[in-house]
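Taking it in order: structure first as structure tokens, then the write-up.
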Amino acid sequence: MIDLHNNKYDRKTLKEYIYAVKLLDIVKTQNIDVTFAVRYILNKKYQFNFEDKFINFDTILKYQTHISYAELYKTYIEYNTDDDSVDDFETVSNRK
């Protein structure tokens with residue numbers, strides 16, 4: 001398991017553990033880029049925890065101060081594929 005509160009992780013590691021942590025914790029503790037925010041954090045497909053369902057643009061902008069509203073909005077509007085997504089929850093949970 002990863003410790004989001006005491007360590008910083010790269011994109012690859014965060015993607016690997018996307019189902020094992022709260023997305024809100026990622027937003028609050030990690031430095032993520034705008035594409036990660038759109039593809040994973042704002043994507044309903046990965047929002048399993050109750051708190052995660054309330055993440056919105058304001059949440060991202062509050063904790064990820066390096067991301068601008070314009071950049072986030074543009075990336076969100078233009079995003080229409082899961083090319084960079086991870087396997088579905090069932091596939092990940094059945095790995096040995």
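The values are calculated or read from the model by the stated rules, or taken from the named source; none is laboratory data. Not measured: the values here are computed from a predicted model. Virtual Cβ from ideal backbone geometry, glycine too; neighbours counted across all protein chains shown.
Being touching a Lys or Arg at 6+ places or on another chain (Cβ under 9 Å) and of a type in the set (Phe, Trp, Tyr) is the filter; apply it to region 59-85 and report the residue that is modelled with the highest pLDDT.
Tyr63
Tally time: how many residues in region 5-25 are surrounded by 10 or more Cβ atoms within 10 Å (Cβ to Cβ), out of contact with any Leu (no Cβ under 8 Å at 6 or more places or on another chain) and assigned to a helix (DSSP H, G or I)?
7
In region 26-66, which residue that is assigned to a loop (DSSP other than H, G, I, E, B) and of a type in the set (Val, Ile, Thr) is surrounded by the most Cβ atoms within 10 Å (Cβ to Cβ)?
Among them, the one singled out is Ile55.
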